[in-house]
Structures are given as structure tokens and as C-alpha cells.
Amino acid sequence: MENNHTKYKETLTDDLEKEVVSFLNSTGGEIHIGVKDNGEVIGVANSDKLQLKIKDRLKDNVRPSIMGLFDIFTQEINGKTIVIVNIASGAETPYYIKQKGRSEAGCFIRIGSSSQPMTEEMIHKLMMKRHPISLRNLPSRNQELTFTQLAIYYAGKNKTLNKNFAKTLDFYTDDKEYNQVAYLFADENRVSIHLAKWAGKDKTNLIQNEEYGDQCLITALNRVLDRLDVENITQARKGFPYRIEKKYIDSDVLKEAVINAFVHNDYSQGDTPIFEIYDDRFEITTYGDLFDWIPKEDFFAGSSKPRNPEIMRVFKDIELVEHLGSGIPHIVKLYGKGIFHFSKIITRMSLKFDKSMEKETLKKTIKKSSLKSSLKSDLKIFEVIKNNPQITIEEISKIVKLSIAGIKKNIIKLKEQGKIRRVGADKGGHWEIIE
């Protein structure tokens with residue numbers, strides 16, 4: 001039967017180019033000529049002449065050139081000959097009918113078992129992906145930007161942002177305006193970073209929907225990491241001579257996966273990474289056609305060609321990443337290539353929980369953890385603040401799972417012990433660790 005990869009035609013018709021273009025702009029497919037819509041084979045006459053005619057039409061009437069992207073051959077079924085046109089998914093999308101141009105009348109996409117005209121917006125997005133615009137050349141929507149948070153992160157690594165830092169970090173367009181890179185790292189922006197938690201293994205019941213964006217990209221990243229670390233439960237059991245512990249997901253892999261999402265997301269269309277928690281897995285979704293800019297084999301091999309080199313530069317400066325291209329090979333080594341799902345729009349990574357130790361030890365672990373947490377709340381709060389000086393009391397409360405009153409009480413204790421101090425106002429200020 002016909003589907004999104006197969007089209008039946010009794011004879012060669014005037015809409016051949018339309019069908020071919022729709023497959024080129026989708027994931028490829030086949031056109032079977034000499035077959036009725038219901039799948040009945042009726043065959044064709046003079047298949048050699050028909051093949052030549054098809055080849056000439058596709059060569060002359062479809063743009064960009066698709067030579068090498070299609071194959072034409074015959075197949076015998078019950079003594080009848082049909083012609084099959086096999087079409088690959090093209091890389092130079094959007095393909096279009098030459099006479100109609102790159103328009104709604106000339107561009108088509110495969111939806112189900114039919115070819116549908118592409119909207120102007122779809123055509124524009126495909127053009128952007130074909131000719132990607134660097135974030136460095138996209139002007140910021142806001143030119144009144146501040147970078148206090150970024151300066152704190154650099155200071156934490158004994159580095160100073162001097163008066164020329166914006167030029168050094170490629171925060172300007174060629175017209176000397178703040179660009180989209182600067183906007184991402186500014187103290188305030190409109191870059192939404194969502195984290196959702198679902199009850200169960202599907203999207204039926206949303207129980208939490210957190211917003212970690214609208215601020216410096218590094219702060220958003222740290223808050224996502226903090227939250228996922230809380231959800232990445234440590235399982236434990238007695239061993240000899242030492243206690244054996246194991247998290248649902250390897251901690252280094254989880255960190256690398258989150259950083260990879262922030263670095264390789266295509267922000268040019270306003271899309272941002274999405275982080276989701278299910279009962280049995282973490283899912284991380286990034287936007288953009290990954291293989292527009294890097295071959296698949298190079299991606300898995302750890303190619304050092306990031307989609308957003310300016311973001312990678314800042315992440316390296318503050319030691320969020322050590323070596324270009326080291327993250328993906330490590331993830332693949334531990335979890336395999338099967339955790340990745342690719343499409344022309346998104347890349348999704350699905351990290352399944354390893355709960356092998358949970359059944360035998362979960363009850364004991366929960367009891368011990370609850371006892372320890374009551375004794376060590378101040379230490380947990382200290383570590384959370386140390387990892388993220390921009391964090392608020394409300395966010396600490398969520399991470400440590402302690403009331404706001406309890407958080408404030410422990411913060412007073414930490415101040416009295418001379419371990420932390422508050423710099424600046426409650427809004428816009430930050431915590432400082434006293435060594």
C-alpha cells in the first residue's frame with residue numbers, strides 16, 4: 001500500500017516532478033509506475049523508452065540538480081514490468097519544480113501518502129538550514145546588555161573580562177552591534193530553557209514544568225545540571241570491603257550530554273534545548289539538522305566542529321569542557337549509538353535509567369538518606385551555592401528538598417561560620433564562598 005515512502009502510478013503523469021520533489025524534501029522514497037492505487041500491478045509498455053523520458057524530465061525540470069540522487073530501474077511482478085524511481089533525501093533543500101520556482105507552487109513535502117505544498121515559512125527555514133547564518137552575524141534584539149554573571153564565572157577561574165572582552169569573545173557583528181552570541185550570555189534575555197517532568201513513561205501527565213532560562217546561558221546550564229543531578233538517584237548496597245554506589249545515569253555522561261545540547265543547538269530560529277524527565281529515562285532534545293553541518297560518522301567519532309564555536313569558546317574558557325569533541329565518543333562508549341534519534345528538525349538523546357541495584361536496596365537507602373539529610377543540610381546547601389553562585393533561596397529549596405525557612409536558617413548558620421557571604425541585593429546579587 002501507499003505510504004510516506006511509496007507512491008503508486010498507473011502511468012507516467014504530469015505531476016511526476018511534484019512527487020519527486022516531495023520525496024527529495026522529505027526522507028526519500030520510491031515511485032512505482034504500472035501499479036494502481038490499490039496495489040494491483042498492471043505493468044507498462046516499452047519500459048526502456050519510459051525510463052529515458054523520466055530521466056530527461058527530472059534532469060531538466062527539478063532544481064537544484066538531482067543527478068546522483070535518483071535511480072530508475074525495472075522489476076518483473078507476475079510477468080508484468082513496472083518501472084521504479086528510487087529517490088534519495090536531498091541535502092540542498094528545498095528542491096523545487098524549475099518552472100514554478102522556489103515557491104509554494106514549486107516546493108512540496110511528503111506528508112503521509114500524499115505530496116503537500118510547502119508554506120513560505122517552511123521554505124524559508126529550509127533555506128536557512130541550507131545556508132546557515134552564524135550567530136555571530138545575527139544582531140541581538142536588545143543592545144543594552146550587561147554581563148555581570150559572565151564576569152563572575154570567569155573570575156571563578158581566575159580570569160578577568162577586560163574592556164575588550166566583547167570583541168575577544170566575538171560578541172559583535174561586523175557592524176559593531178551586539179550579536180546573538182552576546183545575547184545568549186547576557187544577564188537578561190528572552191532565551192527560554194525548559195525542563196519538564198512527566199509521571200510515567202510518556203507525555204500523558206505533566207507534573208512539573210520548570211523555566212531555567214531568561215538569563216546567562218551558563219547559569220541556565222548550571223541550573224539544569226543541578227536539577228538533573230537531584231533526579232539522578234544514587235543506588236547503593238553493601239559490598240566488601242566498601243559500600244557500592246551507582247547512579248541511574250553515569251554522572252559524567254549526563255553532564256556531557258547537557259553541555260553538548262547547549263553547544264550544538266541551532267538558536268538561529270529561536271529554538272532552544274528541551275530537557276525531560278520520565279520514570280525510566282532522561283530525554284534531551286536539541287534543534288537543527290545535525291547532518292547539515294557534520295557527517296554522521298564524524299559526529300560519532302567526536303568531530304571537533306561545533307555548530308556554535310563562539311559558545312564552545314566560552315565554555316572552554318570557564319572549563320565546562322576540556323577537549324573539543326571528547327563528549328560524544330564517551331557517551332557512545334558507555335551507552336551506544338542507539339540512544340540517539342535524528343531527524344531534519346531535531347536530535348534527541350534518550351538515556352535509560354539503570355535501576356539494577358534499586359530493588360534490593362532502595363528502602364534502606366531512602367531511610368539512611370533521610371537521616372543523613374537532616375544532619376547535613378548545611379553541607380548540601382554549601383555545595384549547591386558553591387556550584388552556582390547565582391542561585392536563589394527558592395531554587396536551593398527545590399534542589400535540597402528543604403523548606404525555605406529551613407534554607408534561611410542554614411544560610412544564617414553558614415554565614416555565622418564564615419563560610420559564605422551575600423554580595424549585592426537579593427535580586428541581581430550573588431553568593432561568595434569564603435575560603
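Values for this structure:
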{"quantity": "Chain lengthening between Ala199 and Lys415 when straightened (0.36 nm per residue, less Cα-Cα)", "calculated": "73.9 nm"}
{"quantity": "Nearest 10 degrees, 0 to 90: helix 47-61 Cα axis against the chain principal axis", "calculated": "50"}
{"quantity": "Entries in Lys159/Lys386; Lys352/Lys408; Lys247/Lys398; Lys7/Lys80; Lys247/Lys344 that, when Cα-Cα distance is taken, lie over 25 Å", "calculated": "Lys352/Lys408; Lys247/Lys344"}
{"quantity": "Residues in region 13-47 reached by a label modelled at Asn78 [backbone nitrogen below 17 Å; 7 Å Cα→Cβ]", "calculated": "32-45"}
{"quantity": "Value of relative contact order over the chain, rounded to a whole percent, pairs C-alpha under 8 Å and six or more apart", "calculated": "10"}
{"quantity": "Sum of -39500 (n - 2.57) over DSSP H runs of 4+, divided by residues of the chain (222 nm, nearest 500)", "calculated": "-10500 deg cm²/dmol"}
{"quantity": "Residue-wise HN-Hα coupling along region 139-154, computed from phi with Karplus coefficients 6.51, -1.76, 1.60 (Hz; x: Gly, Pro)", "calculated": "x, 5, 5, 10, 9, 9, 9, 10, 9, 4, 4, 4, 4, 5, 5, 5"}
{"quantity": "Interchain or long-range residues, amide H under 5 Å from Asn179's placed H", "calculated": "Ser140, Tyr172, Thr173"}
{"quantity": "Student exercise, the chain dipole from Lys, Arg, Asp, Glu Cβ charges, in Debye to nearest 20", "calculated": "1840"}
{"quantity": "Per-selection Rg to Rh, the chain - Cα, Kirkwood hydrodynamic radius", "calculated": "1.08"}
{"quantity": "Length released on extending from Asp14 to Glu144, taking residue separation times 0.36 nm less the Cα-Cα span", "calculated": "41.2 nm"}
{"quantity": "For region 123-231, alpha-carbon Rg over 2.2 N^0.38 Å", "calculated": "1.32"}
{"quantity": "Computed P(r) (all Cα pairs; region 6-130; 5 Å bins; percent)", "calculated": "2, 12, 22, 24, 18, 11, 6, 3, 1, 0"}
{"quantity": "q = 0.17, 0.26 Å⁻¹, region 376-433: log10 I(q)/I(0) [Debye, one scatterer per Cα]", "calculated": "-0.46, -1.15"}
{"quantity": "Ranked by how many other beta carbons lie within 10 Å on average, peptides 138-148, 222-232, 344-354 from highest", "calculated": "222-232, 344-354, 138-148"}
{"quantity": "Given Lys197/Lys333; Lys59/Lys296; Lys9/Lys100, the pairs whose alpha carbons are separated by over 30 Å", "calculated": "none"}
{"quantity": "3J(HN,Hα) from dihedral phi, region 253-266, Karplus parametrisation 6.51/-1.76/1.60, rounded to Hz, x for glycine, proline", "calculated": "5, 4, 4, 5, 5, 5, 4, 4, 5, 5, 6, 9, 5, 8"}
{"quantity": "For Thr6, distant residues with modelled amide H under 5 Å away", "calculated": "Glu30"}
{"quantity": "Cα-based convex hull volume of region 132-364 per residue, rounded to whole Å³", "calculated": "147"}
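A short reminder: the numbers here are calculations on the coordinates, not readings from a lab. Given the structure is predicted, the values throughout are model-derived calculations rather than measurements. All Cβ positions, glycine included, derive from the backbone under ideal geometry; neighbour counts span all protein chains shown.
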